[in-house]
Amino acid sequence: MTTNFDSSSFIAKYPDTLIVLLGPTGVGKTNISFKLAEKFTSPIISSDSRQFYKELKIGTAAPGDEELSLFKHYFVASHSVFDVYNAGQYEQDVLKLLGGLFLKHPVALLVGGSMMYIDAVCNGMDDIPSVNDEIRNRCQQLYADNGLDYIQNELKKLDPEHYSQVDLQNPKRVLHALEICMQTGKPYSSFRKGERKPRNFNVLKIGLNRPRPELYERINHRVDLMMEAGLLQEASQFYPYKHLNTLNTVGYKELFDYMDGKCSLDEAVQMIKQDSRRYAKRQMTWFNRDKDIFWFHPDDVGGVVRFIDNVLQKK
RNA sequence: GGGCAGUUACCAAAGUGGCCAACUGGGGCUGACUGUAACUCAGCUGUCUUUCGACUUCGGAGGUUCGAAUCCUUCACUGCCCA
């Protein structure tokens with residue numbers, strides 16, 4: 001892990017700054033976020049794609065009522081697992097929110113680990129329509145009935161350009177491209193500009209990470225705590241809705257397997273730990289590509305604060 | 001003490017004379033990912049090497065053979081059964 005105190009590569013162009021606090025699950029973002037919120041008297045915007053859901057409290061390690069009352073949070077328990085939501089909508093919602101926040105606060109905090117959602121806010125996403133239920137179901141059905149080969153071929157017909165670029169082995173990606181083609185009547189690739197969208201505020205990314213063994217130990221321990229806090233009960237309430245995408249979530253899907261009799265409770269708990277570790281790894285793979293992140297150890301709160309102070313003073 | 005079965009890479013487990021550095025699964029590692037993303041997908045996983053390839057492996061030792069994880073002898077350990 002590199003801890004970089006050199007802020008010279010950060011160039012502030014705007015009066016307002018969005019501090020993005022990111023890192024793998026379980027690394028210790030929440031704690032520091034409170035310190036920063038206090039220090040900069042800034043509200044906290046969550047960029048955790050599962051803490052959005054008010055029903056998923058324990059399994060997503062969402063901030064508790066006490067913390068929520070102490071610090072103004074956005075996008076925590078803001079939606080229901082029955083809602084349909086995605087990164088594109090999130091981008092729009094956050095930008096709108098920031099427009100208002102920056103009128104009162106020069107600094108806002110975005111805290112979380114959902115990679116694509118963070119990128120959506122920082123870099124923007126192309127203007128691609130959300131898929132409606134009818135098209136979604138139709139495509140799902142095509143895939144279920146005819147298999148991967150078939151939807152690959154359909155995509156090839158409707159969007160040869162994207163066909164040559166997508167990971168053809170990845171049904172979700174192929175399916176989504178196909179959905180857009182079918183819904184809009186235009187090739188998916190025609191929407192994909194891949195351009196970074198301009199923002200009228202500075203983005204300062206602070207990454208938190210720990211040595212792998214340390215992180216994994218924390219993740220394992222946290223899962224035990226979640227179980228003690230009643231995760232099984234929380235999950236069991238949503239067992240009838242386990243097919244919902246919002247419930248295809250680490251900490252819940254494994255317990256659904258237990259409820260289905262596919263494994264023992266102990267095995268399910270082990271799986272939650274394993275899946276959490278893997279998620280953390282995937283997060284790091286994504287974050288490692290982003291060279292704009294300044295990395296710190298979560299214990300180094302002082303270092304983070306000094307670094308941010310230093311950067312903000314330069315403005 | 002006697003009988004039978006077994007010992008394969010991190011784990012499980014195929015392979016029973018050449019196509020075997022060794023199927024497959026798990027785990028692990030690495031990576032991809034612009035909209036269902038805590039999703040989904042891919043590659044690697046004996047050592048050295050960018051590749052070609054080279055080298056060392058299938059409990060230990062010895063042997064048979066042009067050639068052994070595979071056959072023989074023996075030793076060790078494990079499991080089951082009979083005493």
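The values are calculated or read from the model by the stated rules, or taken from the named source; none is laboratory data. These numbers come from a predicted model, not from an experiment. Cβ: placed from backbone, ideal geometry, glycine included. Neighbour counts: every protein chain shown.
General observations
- Here residue A:110 fulfils each of the conditions (1) away from RNA strand B (no atom under 12 Å from the Cβ); (2) surrounded by fewer than 18 Cβ atoms within 10 Å (Cβ to Cβ); (3) under 14 Å from the mean Cα position of the chain (by Cα); (4) not β-branched (Val, Ile, Thr) apart from (2).
- Within the stretch A:288-313, the set of residues being over 22 Å from residue A:37 (Cβ atoms) and either basic (Lys, Arg) or surrounded by 15 or more Cβ atoms within 10 Å (Cβ to Cβ) (or both) comprises A:289, A:290, A:291.
- Test set (1) over 29 Å from residue A:10 (Cβ atoms); (2) within 20 Å of the chain's Cα centre (by Cα) - residue A:238 fails condition number: (2)
- Flag for residue A:247 being within 21 Å of the chain's Cα centre (by Cα) and crowded, with 17+ Cβ neighbours inside 10 Å: yes
- Qualifying positions in the stretch A:160-183 - in contact with a Pro (Cβ under 9 Å, 6 or more places away or on another chain), surrounded by 15 or more Cβ atoms within 10 Å (Cβ to Cβ) and either charged (D, E, K, R) or farther than 18 Å from residue A:140 by Cβ (or both): A:162
- Residue A:261 vs. criteria outside any helix (DSSP H, G or I), surrounded by fewer than 16 Cβ atoms within 10 Å (Cβ to Cβ), at positive phi and not β-branched (Val, Ile, Thr): yes
- Scan of the stretch A:222-255 for residues that are more than 10 Å from RNA strand B (Cβ to nearest atom), in contact (Cβ under 8 Å) with a residue 60 or more places away in the chain and more than 21 Å from residue A:278 (Cβ to Cβ), ordered by number: A:229, A:230, A:234, A:237, A:238, A:241
- Check on residue A:67, under 19 Å from residue A:108 (Cβ atoms), surrounded by 15 or more Cβ atoms within 10 Å (Cβ to Cβ) and at pLDDT below 95: yes
- Of residues in the stretch A:273-294 being more than 18 Å from the chain's Cα centre (by Cα) and modelled with pLDDT of 95 or more, the one farthest from RNA strand B (Cβ to nearest atom): A:294
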